[in-house]
Amino acid sequence: MSAIPAAVAHAGGPIRLADVDPRGTPGFDGGKAAGQALLAERAEHLASLQERLFAASTAGDERRVLLVLQGMDTAGKGGLVRHVVGSVDPQGVAIASFKRPTQEELAHDFLWRIERALPGPGRIGVFDRSHYEDVLIHRVRGLSSPETVEERYGRIVEFERRLVAGGVHVVKVMPHISYEEQGARLLERLDRPDKHWKYEPGDVDERSLWPDYQRAYEIAIERTATPDAPWHVVPADRKWYARLAVQELLVAALEAIDPQWPAADFDVDAERARLLALGGVPEGPA
């Protein structure tokens, strides 16, 4: 896989999640071992691109990447952060996780806490859950009126359009997990004491609303997917494939930015002469 699998991109129009196989591996013909090997191989390229992005920001380049991960419980968002984003220099990464809003956050507009967590120039920002919580859960649970939810779709589109115009490359990913795989992962959390900390009784309550959430995701994707900020529905039953696909999305985003190493703002030859004059520098390459 050297490019984004075309099957996962969605830039607008109707979508049926039932038509996307959660166990599929679009764009990749190999198995788990080959996928894991390629993930490790491409990690070096991703890290190099991220370093160039960060370096370019020191010379005034304002561009950055925002990875939005929005999926059902147990869809593997944490694993995507660890195994994909974790391969780059942490100083160039900003991770934000949006849970139930605090009282301070509730006192502001729903985008207030999102704005405060945006990555700075040269960084890869990661939203583990995001502003889409305020249309997904609110739609399913009735936490806001239907009119408010409808208005928020438009506001999200405008918000993301403004981000793109300001140099933010937005990569929106829905890790698409099956009902059966979610059940297996929840059961594993109950069966393994080392995973009890991940389990919340409310997860089963949300699971009981599975069809409603699937429809809420479809509507959110249809309303907010644009050519500049498309959605990528990534099959996630196979964790190794989801990680590989998201890695390629980040690589593609950074290659599109094509950050350049900043030129030295000092006289390289003069500094070399000063360094050598002090002695103690070995001759030849290190």
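No lab work stands behind these numbers, since they all come straight from the coordinates. On a predicted model such as this, the values are computed, not experimentally measured, just so you know. Every residue, glycine as well, gets a Cβ built from its backbone with ideal geometry; the counts of neighbours run over all protein chains shown.
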When a/c is below 1.5 the answer is rounded, else prolate if a/b is larger than b/c, else oblate, so apply that to region 17-70 with a ≥ b ≥ c taken from the square roots of the Cα gyration tensor eigenvalues. oblate
For the chain, the fraction of alpha-carbon pairs in successive 5 Å shells from zero, as %: 1, 5, 11, 15, 17, 16, 13, 8, 5, 3, 2, 2, 2, 1, 0
Region 212-286: C-alpha gyration tensor shape, a/c 1.5 cut-off, then a/b vs b/c: prolate
Within the chain, which is the longest segment containing none of the trypsin sites (Lys or Arg not before Pro) that sit in a DSSP loop and have at most 12 other Cβ atoms within 10 Å? 100-286
Cα atoms only: what Rg and Dmax, in Å, come out for region 1-110? 17.4, 50
Theoretical FRET efficiency, 1/(1+(r/R0)^6), r = Cβ-Cβ of Leu278 and Asp194, R0 51 Å, to 0.05: 0.40
Quick one: pull the percentage of alpha-carbon pairs in region 180-250 with a separation above 20 Å. 51 percent
Paramagnetic label zone (point 7 Å from Cα along Cα-to-C-beta, Asp203; backbone N under 19 Å) in region 215-248: 236-240, 242-243
Determine Rg/Rh for region 152-283; Rg is computed over alpha-carbon atoms and Rh is the Kirkwood hydrodynamic estimate from the same atoms. 1.23
How would region 74-191 be classified by its alpha-carbon gyration tensor: rounded, prolate or oblate, with rounded meaning a/c under 1.5 and the a/b versus b/c comparison settling the rest? oblate
Where both partners of a DSSP beta bridge lie in the chain, what percent of those bridges are antiparallel, to the nearest 5? 10 percent
Quick one: net charge of Gly78's neighbours, Cβ under 15 Å, K/R +1, D/E -1? +4
Rounded to two decimals, what is Rg over Rh for region 106-167 when you use alpha-carbon atoms and the Kirkwood radius? 0.99
What does the net charge come to around Arg23 if you take all other residues with beta carbon closer than 9 Å to its beta carbon, with K and R at +1 and D and E at -1? -2
